[in-house]
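In what follows, a single structure is set out as structure tokens and then discussed.
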Amino acid sequence: MELEIILKNIFSQFNVASSFKGFQIFSSGHINDTYLIITDTKPYFVMQKINSFVFKEAAAVIDNKFKITNYLKDKKQTTLQYITTKNNKNYLIDEDGNFWNLCLFIENSETFLHVNSTKIALEAGKATGSFLVSVNDFSEQLNEVLPNFHNMTFRFSQFNKALIKASPERKKQAKEWIDFVLNNKEEMCALDYAIADNKIPLRVTHNDTKISNILFDENQNAICLIDLDTVMLGAVHFDYGDAVRTICNTVNEDETDISKIKFDFDYFKSYTQGFIETIKNSLNKNEVDFLPISPQIITFIIGLRFLTDFLNNDVYYQTKYDNHNLDRAKNQLTLVKEIKKCQNKITQFIKEQI
């Protein structure tokens with residue numbers, strides 16, 4: 001069936017008064033299928049099909065979105081608004097068993113795949129910090145939609161299984177990076193150990209704070225965080241580290257020329273300044289102490305996941321060519337090396353902001 005007919009049929013089952021006129025594909029994500037739904041009257045809508053291979057409990061993912069956005073809406077902390085179906089459900093299940101959700105499209109807004117100014121970095125820091133502060137007293141139970149999402153020990157267990165099953169050809173192609181992750185394993189588990197020892201508290205976190213998941217207005221002021229699929233309990237370091245990972249990489253995450261990959265320290269300073277000024281009163285000493293190492297750890301874990309998926313013959317992330325996940329892994333693990341070169345400066349700058 002033609003995609004437009006499918007989308008029109010699904011959209012018609014949500015509780016909206018406007019009529020479907022067309023659609024555009026949003027293509028920046030790795031996991032879900034997301035569409036801008038153009039209607040006869042504004043506002044337009046964003047409709048998303050949840051990847052049920054990744055999210056085994058798709059209904060739980062969407063329920064979390066409603067819980068968080070309704071909570072933040074009551075506090076006047078977000079403009080995101082999800083729409084129920086005509087049967088008053090949070091999601092629609094199509095005839096193939098796919099789960100769909102719908103939210104309002106925010107007019108005159110934009111996202112960025114990479115940062116091109118210190119202002120955007122600063123605003124992104126404020127947005128991430130503000131989100132974490134706003135949900136700090138959220139008491140309703142959230143569904144754990146992706147258990148062990150940022151757990152390095154778990155990701156290494158997945159990697160080891162993939163390594164055993166991988167083809168000789170793929171292991172040969174990835175040998176340099178396989179060696180790199182094995183040589184850095186102990187250092188990269190520091191957050192795992194701190195959480196296990198109750199040094200770092202768990203709180204509601206976004207868990208996917210890449211720069212493209214922050215919405216900006218036409219003046220490049222941050223509006224809010226979007227893509228709430230992974231909202232659940234976590235550590236603030238997950239959100240801080242992931243944002244730094246995408247904001248401070250001088251190239252896109254699938255750039256194949258790794259000589260171009262550098263850690264932009266000016267963007268790091270701007271993002272960190274905005275983040276800490278909004279959240280520092282909500283952090284305890286241990287959380288502060290572990291902030292400096294979180295960018296390299298979260299960058300490493302993303303690289304490890306790309307590498308694992310490559311060894312698994314690309315079953316998790318959407319890819320555009322044969323070695324796409326290997327290129328992504330090389331990119332992220334090279335960025336880890338660049339972050340390490342700046343680690344002393346990173347630690348010092350964070351201390352100066354507290």
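Work through the residues other than Leu311 whose Cβ is under 12 Å from its Cβ and net out their charges, Lys, Arg +1 and Asp, Glu -1.
+4
Rounded to the nearest whole Å², what accessible area per residue is found for the stretch 154-261 with the 1.4 Å probe?
Per residue, the stretch 154-261 has an accessible area of 43 Å².
Report the local net charge at Ser134: Lys and Arg +1, Asp and Glu -1, summed over other residues whose C-beta lies under 13 Å from its C-beta.
Net of charged neighbours comes to +2.
Using a/c under 1.5 as the rounded threshold, could you call the stretch 27-186 rounded, prolate or oblate? The axes a ≥ b ≥ c are square roots of the C-alpha gyration tensor eigenvalues, and prolate needs a/b larger than b/c, oblate otherwise.
prolate
For the chain, modelled as a GNM with alpha-carbon contacts under 10 angstrom, which of Ile301, Ile214, Ile38 fluctuates the most?
Of the options given, Ile38 has the highest mean-square fluctuation.
Using a 1.4 Å probe over the heavy atoms of the protein chains, calculate the carbon and sulfur portion of the accessible area of the chain as a whole percent.
46
Given the pairs Lys119/Lys210; Lys262/Lys285; Lys172/Lys341; Lys8/Lys86, which span a C-alpha to C-alpha distance of over 18 angstrom in this model?
Lys262/Lys285; Lys172/Lys341
Would the stretch 1-72 count as rounded, prolate or oblate if I go by the C-alpha gyration tensor, calling it rounded below 1.5 in a/c and otherwise prolate when a/b exceeds b/c, oblate otherwise?
Oblate.
Taking amide H positions as placed 1.01 Å from N in the peptide plane, with prolines and chain starts having none, which residues 5 or more places from Met232, or on another chain, fall under 5 Å of its amide H?
Thr205
Skipping prolines and chain starts, which residues have an amide H placed within reach, meaning under 5 Å, of the one on Ile38, given they are 5 or more residues away or on another chain?
Distant-sequence amide H within range of Ile38: Lys21, Gly22, Phe23, Gln24.
Per DSSP helix of 4 or more residues, -39500 (n - 2.57); summed, then divided by the residues of the chain. What does that give at 222 nm, rounded to the nearest 500?
-14000 deg cm²/dmol
Between Glu176 and Ala196, what length in nm is gained on full extension when 0.36 nm per residue of separation is reduced by their alpha carbon distance?
So the chain would gain 4.1 nm between Glu176 and Ala196.
For Asn88 and Val315, what is the calculated FRET efficiency with R₀ set at 35 Å and r taken between the beta-carbons, to the nearest 0.05?
My answer for the efficiency is 0.50.
The values are calculated or read from the model by the stated rules, or taken from the named source; none is laboratory data. Everything numeric in this text was worked out from a predicted model, so none of it was measured. With ideal geometry, Cβ positions are generated from the backbone for all residues, glycine too; neighbour counts draw on all protein chains shown. Note: accessible area is taken over every heavy atom of the protein model, side chains too, but ligands, DNA and RNA are not part of it. Shrake-Rupley method; radii C 1.70, N 1.55, O 1.52, S 1.80 Å.
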